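What follows is calculated from the coordinates using simple rules that are stated; it is not laboratory data. From a predicted model like this one, the values you see are computed outputs, not experimental measurements. Quick reminder, even Gly has a Cβ in these numbers, built from the backbone with ideal geometry, and neighbours come from all protein chains shown.
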Amino acid sequence: MKILLPILSIFVASAAFAQPKIYNQAIVNTTTNVIAPEEEAVESIAQEPRGGMNFRNMMDGETKFVTYLKGDLVKTSIKSEMGKSTIYRDNSKKLTTMVMEMMGSKNGFFASDDDMANMQKRRDSMMAERRKADTNMAKRMPPMERSQGTTDISVTGETRKIAGYNCIKAYLITSRILGLKDTAVIWYTPEFKLNNVLSTGGMNSIPGMGNMMPGLSGLDKVEGFVMRYEMKMRRNRRMEVEVTKVDLTKEVDAKEFDLPKDIEIKPMSEMQNMFRGGGGGGFMRGRD
C-alpha cells in the first residue's frame, strides 16, 4: 500500500498536465440508473392529474444509451422499459430531431436551438403563473435558475478503471446566483475528449431535459472525458451514469444519421399535445 499510493499520486499529477486527444468519431455505450427512495408511496406516483402521458418518473430504473459521433453529427439511441427513442443532433445546423417509439406508436419531432430556447421561456412563464395562483406549488416547486454562476473542479487522488480507461475522481461544484451549490461526483479519463460530446447518458442527451441537471454545468472545463457521474435529483432520487464501452477506432457509417422515412417529423412544439392534451409544458412536466 505504501508503494501504491505514490504511484497513484504520480498518475493523477501527470494526468493533470497531459493534453487529452480529441476524437471526431466514436461509439459510446452508457448505462443510466435512477434510484428512487424506498419509502416513496406507489399511490403518489400513480396520481397524475390533467391527463396525458406521465413523464414524472420517466428515467426511474435502468436506461441504456448508445451514442454515435461523426464530425458535427451525433446520434443517441435510448432504450428503457418505457420504450425506445433516438435523438439526432446536427451541430452545424443547430438542429435536434427526436424519434420516439412508445406504446405501439412512433413519432418524430424537430427543433432548432432557438426553438428550444423559446419553448423553455414559455414553460418558465407558465410555471411562474401557476406558482402565483397556487401557493402550495410555489413551496413544492421553487423556480429553477437558468443562469449559472461559476463551476469549480476539485480533483481527488482516487483513481479507478472504467470501460478499460484509467479514470480520476473529481467533484464538479457549481455555485448558483442565489448562493446555492450543486455538487456532482465525476470520474473522467484524461486520455481523450470527444468533439461535440461532453458526456453521454443521463438527461443531458434528451432535448429540453439537460437544464434539469444544473449540477452538470461546466463539463467543458474537464480535461478529459467523463466516464461516470453520480448526483442527487429532485424528490430524493439519485442518478448514476457510467460508460460501459468506448470504441474510438470503428468507422461510423454516415447512414447512421439518416432520419427514418416512415414517419412524419413535426415541430417539437407539438409534443405538448401528445403528453398533456394541449396544456403546454411538454415532457418537462413533473420537475418537482
Q. Once both labels are modelled 7 Å past Cα along the beta-carbon direction, what's the residue 33-residue 175 spacing in nm?
A. 3.4
Q | FRET E, pair residue 185, residue 93, Förster distance 25 Å, beta-carbon r, rounded to 0.05 | A | 0.10
Q) Using θ = phi - 60° and the Karplus form 6.51 cos²θ - 1.76 cosθ + 1.60, what ³J(HN,Hα) does each residue of the stretch 124-130 get, whole Hz, x for Gly and Pro? A) 4, 5, 5, 5, 5, 5, 5
Q | Ordering of 183-196, 93-106 by burial proxy (mean other Cβ atoms within 10 Å per residue, highest first) | A | 183-196, 93-106
(Q) Can you give me the distance in nm between label points at residue 254 and residue 122, each placed 7 Å from the Cα along the Cα-to-Cβ direction? (A) 3.5
Q) If the chain between residue 262 and residue 154 were fully stretched, how many nm would it gain, using 0.36 nm times the residue separation less the Cα-Cα distance? A) 34.1 nm
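Ranked from highest to lowest mean number of other Cβ atoms within 10 Å per residue, what is the order of the peptides 229-238, 150-159?
Details: 229-238: 15.6, 150-159: 13.9.
Most protected by this proxy first, the peptides run 229-238, 150-159.
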Q | At R0 = 22 Å, FRET efficiency that the Cβ-Cβ distance of residue 221 and residue 24 yields, to 0.05 | A | 0.60
